[in-house]
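Participant: Quick one: the structure is below, and I'll ask about it shortly.
The values are calculated or read from the model by the stated rules, or taken from the named source; none is laboratory data. Not measured: the values here are computed from a predicted model. Cβ sites come from the backbone with ideal geometry, for glycine too, and all protein chains shown count toward neighbours. Heavy atoms of the whole protein, side chains included, go into the accessibility calculation; ligands, DNA and RNA do not. Shrake-Rupley method; radii C 1.70, N 1.55, O 1.52, S 1.80 Å.
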Amino acid sequence: MTKLLLSLHVLAAVIAVGPVTVAAGMFPPAARRAAPAEADGPVATAVTTVTLLHRICRVYARAGIAVPVLGLATALAMGVLDDGWLVTSIGLTAAAAGILLAFVLPRQDEIVERLGGGRPVDRQDTVRLAMFTGVFNLLWATVTVLMIVRPGSTTGT
């Protein structure tokens, strides 16, 4: 059962968190390119791209809830709920989720709304968004490393 839970946990992380990290990272530069100067052509395509990237972030963020749920089930099955590396990973995961929900997605919402209304996007807004996205991605990278290298691992590495 542990192997099944671990497999599902890893698959959920790859399938749900991976697209969010990539799409969120692509969003700020795509938003900068989407200056609403024209109603068609490259600008319209850029606005469509920004909207699609935002939709990917929203949808896969919801699916990402499965990652910590399956992770906790796996940790329970492995008997490692009180290990320091896991507690740290849980905290970092909560921080990443908080940043995504409180800072990344709402700022993406604002930018998509502005672009959809033909209003300009302030470069500082995209820079701040890129910063929050970078922190989100760094937290997930740290969690991934902890999951692989975990101190006291039973894999012998």
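Participant: Using a 1.4 Å probe over the heavy atoms of the protein chains, calculate the carbon and sulfur portion of the accessible area of the chain as a whole percent.
Facilitator: 69 percent
Participant: Something else now. Can you tell me the 0 to 90 degree angle between the C-alpha axis of helix 42-63 and the longest principal axis of the chain, rounded to 10?
Facilitator: Helix 42-63 sits roughly 30 degrees off the main axis of the chain.
Participant: Separate question: In degrees between 0 and 90, to the nearest 10, how far off the longest principal axis of the chain does helix 18-33 point, with axes built from Cα atoms?
Facilitator: 20 degrees
Participant: What's the angle, to the nearest 10 degrees (0 to 90), between helix 123-149's Cα axis and the longest principal axis of the chain?
Facilitator: Helix 123-149 sits roughly 20 degrees off the main axis of the chain.
Participant: Using a simple charge model, +1 on the beta-carbon of Lys and Arg, -1 on the beta-carbon of Asp and Glu, nothing else, what dipole does the stretch 12-157 show about its Cα centre, in debye to the nearest 20?
Facilitator: Its charge dipole is roughly 140 debye.
Participant: Here's a follow-up. Under the √(5λ) rule applied to the eigenvalues of the Cα gyration tensor, what semi-axes describe the equivalent ellipsoid of the chain? Give them in Å, descending.
Facilitator: Equivalent ellipsoid semi-axes, largest first: 37, 14, 11 Å.
Participant: Can you work out the Karplus-derived ³J(HN,Hα) for every residue in the stretch 101-113? Use 6.51 cos²θ - 1.76 cosθ + 1.60 with θ = phi - 60°, whole Hz, and x for glycine or proline.
Facilitator: Per residue, the Karplus-derived 3J(HN,Hα) values read 6, 8, 10, 6, 4, x, 5, 4, 3, 4, 5, 4, 4 Hz.
Participant: While we're looking at this one, here's another question. Roll a 1.4 Å probe over the protein chains and send me the accessible area per residue for the chain in Å².
Facilitator: Heavy-atom SASA per residue in the chain reads 55 Å².
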